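Remarks on the structure that follows.
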Amino acid sequence: MTLTAPAAAHEAAHAPELTRAELLRTEVPGPESRRLHAERLEHVPQGVSWALPVYIESGSGAILTDVDGNRFVDLGSGIGVTTVGHADPAVVAAASAQLARLTHTLYTVTPYRGYAELAAKLAERTPGDHAKKTLFVNSGAEAVENAVKIARKHTGRRAVAVLDHAFHGRTMLTMAMNHKAAPYGTGFGPFAGDVHRVPNSYPYRDGLDGAEAAARTIAYLERRIGVGELAAVIAEPIQGEGGFIVPAEGYLPALQRWASANGVVFVADEIQSGLARTGRWFASEHFGLVPDLVLTAKGIAGGLPLAGVTGRAEIMDSALPGGLGGTFGGNPVAVAAALAVFEQIERDGLLAEAERIGATLGGLLAELARRHAVVGEVRGHGAMLAFELVEPGTKTPLAGAAQRVAAHAAQQGVLLLTAGSYDNVIRFLPTLRTDDRMLRYAVAVIDEALAGL
């Protein structure tokens, strides 16, 4: 019998607890993974790094299986990509059917079905009831770059502001927009100009409420850039690589009001936080934020490369015909997969599943924080949660601890992601098919790791 997500979660809650023996058959990494890794080291540049040298053969739901037969509870989802689950049958079926019909023509030469239908779904689901249009591209970084292009064309201004602790990509423009230089930008300069970093809201570290943090950011925007030069403010509603930093209440709406009053385009980078990840279609909804442009990627197409820029119609129409696009942007197979993702989220109640994961995992992590003084803060929304590791009794980042926790977890069959500007955050981006039994097992493994720090 095929279980719906809520039914599967209910059954798992009453099943025996998950054990390491159910997951792992060999040491981690196993012999076949080690052989493949030696091949990788010979043929793939070191800049294409790895977190764990296990080579995955297949995936289903929240479980990945490697070439040695080891199974892993995946709490990273390819950094938030497989939100609806690995190899989701509906997504695979939609992409396969499209693959058999048409793989490519280039939408700007001879269009095809699906592109406009998906754009309409984004217009419906992104915040705000204003008229919207959508451009599809290949990756999150490409979406960011196009948002900057569109904002500059619309405003006639050049400068772009980004927040401290931001991450927006690895292209030449987006490298200039990132908070951390290493490893993303080391040795790759000179970088694009007219990009300015300004303070964000980081309540755990700055102690400011939303109004205070917004006033500080706005002061930087006005004094160090100048309103007349500023095309766009780009913000992640919940910062991803920065450590899942959740801004103080009122911070983002205050920035948005200021931007609107000054003719500045407000861009929400929802590449990691969007598409049901936080228990809402978009994380902006948690903050009452209605951006001018919304960027999507990662979870939009169930693992196929696709990204979008959705925004106010009058802003999106600023570019002249031919000014936007790209050979593979909005590929018909990726678009078909994305339409299936939207259907799955709606049909299987995955927004509620994200809230269930947030309640279960958040409660378990809060208990960890009570028992382990190294856990400084647990934060996030829905299935986008994190905890920050600090020296006990202080807020000093605990250097190297996140990597040690992730390494211990991998040996027990749990895949974790690290994050944070200080490399001291464990972040959780589980698929929305992850049941409570898996979450309990993973947190028990993390509990062991924290006890050994």
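The values are calculated or read from the model by the stated rules, or taken from the named source; none is laboratory data. The model shown is predicted, which means the values in this text are computed figures rather than measured ones. FYI the Cβ positions are ideal-geometry reconstructions off the backbone, even for glycines, and counts take in every protein chain you see.
For LEU75, only one of the following conditions fails: (1) of a type outside the set (Lys, Arg); (2) under 30 Å from GLN403 (Cα atoms); (3) surrounded by fewer than 19 Cβ atoms within 10 Å (Cβ to Cβ); (4) out of contact with any Gly (no Cβ under 9 Å at 6 or more places or on another chain). What is its number?
Every condition holds for LEU75 apart from (3).
VAL267 - would you say it is assigned to a strand (DSSP E or B) and within 22 Å of ALA141 (Cα to Cα)? It would help to see each step written out before you state the result.
Details: assigned to a strand (DSSP E or B): yes; within 22 Å of ALA141 (Cα to Cα): yes.
Answer is yes for this residue.
Give LEU432, LEU365 a once-over and let me know the one that is aliphatic (A, V, I, L, M), assigned to a helix (DSSP H, G or I), at pLDDT 95 or above and buried (at least 20 other Cβ atoms within 10 Å of the Cβ).
LEU365
LEU450: in a helix (DSSP H, G or I) and more than 18 Å from LEU64 (Cα to Cα), yes or no?
yes
Taking the conditions exactly as written (touching a helix residue (DSSP H, G or I) at 6+ places or on another chain (Cβ under 6 Å), closer than 27 Å to ALA95 by Cβ, assigned to a helix (DSSP H, G or I) and in the same structural domain as MET177 (by TED's automatic domain parsing)), does ILE300 satisfy them or not? Step through it out loud before you land on a result.
Working: touching a helix residue (DSSP H, G or I) at 6+ places or on another chain (Cβ under 6 Å): yes; closer than 27 Å to ALA95 by Cβ: yes; assigned to a helix (DSSP H, G or I): yes; in the same structural domain as MET177 (by TED's automatic domain parsing): yes.
Criteria met by ILE300.
Looking at ALA366, ALA359, ALA334, ALA373, which one is touching a residue at least 24 places away in the same chain (Cβ under 8 Å) and of a type outside the set (Ser, Thr, Tyr)? Full working, then the answer.
Numbers: ALA366 fails: touching a residue at least 24 places away in the same chain (Cβ under 8 Å); ALA359 fails: touching a residue at least 24 places away in the same chain (Cβ under 8 Å); ALA373 fails: touching a residue at least 24 places away in the same chain (Cβ under 8 Å).
Exactly one residue qualifies, and that residue is ALA334.
Taking the condition of being surrounded by 15 or more Cβ atoms within 10 Å (Cβ to Cβ) and not small (Gly, Ala, Ser), how many residues in segment 93-110 meet it?
3
Go through segment 150-178 residue by residue and tally those that are basic (Lys, Arg) and within 22 Å of the chain's Cα centre (by Cα).
Of the residues in that region, 1 qualify.
When LYS298 is evaluated against the numbered criteria (1) buried (at least 24 other Cβ atoms within 10 Å of the Cβ); (2) charged (D, E, K, R); (3) over 23 Å from ALA116 (Cα atoms), which criterion, by number, is the only one it fails?
All conditions are met except number (3).
Scan segment 163-172 for residues that are closer than 23 Å to GLN256 by Cβ and either touching a helix residue (DSSP H, G or I) at 6+ places or on another chain (Cβ under 7 Å) or aromatic (Phe, Trp, Tyr) (or both) and jot them down.
Pass one, segment 163-172, residues closer than 23 Å to GLN256 by Cβ: 163-169.
Matches in segment 163-172: ALA166, PHE167, HIS168, GLY169.
Filter segment 327-359 for residues that are buried (at least 21 other Cβ atoms within 10 Å of the Cβ) and among the polar types (S, T, N, Q) and give the result.
Answer for segment 327-359, where residues must be buried (at least 21 other Cβ atoms within 10 Å of the Cβ) and among the polar types (S, T, N, Q): ASN331, GLN344.
With respect to the numbered conditions (1) closer than 23 Å to ALA444 by Cα; (2) at pLDDT 95 or above; (3) of a type in the set (Asp, Glu), which one is the sole condition not fulfilled by GLU17?
Going through (1) closer than 23 Å to ALA444 by Cα; (2) at pLDDT 95 or above; (3) of a type in the set (Asp, Glu) one by one, GLU17 breaks only (2).
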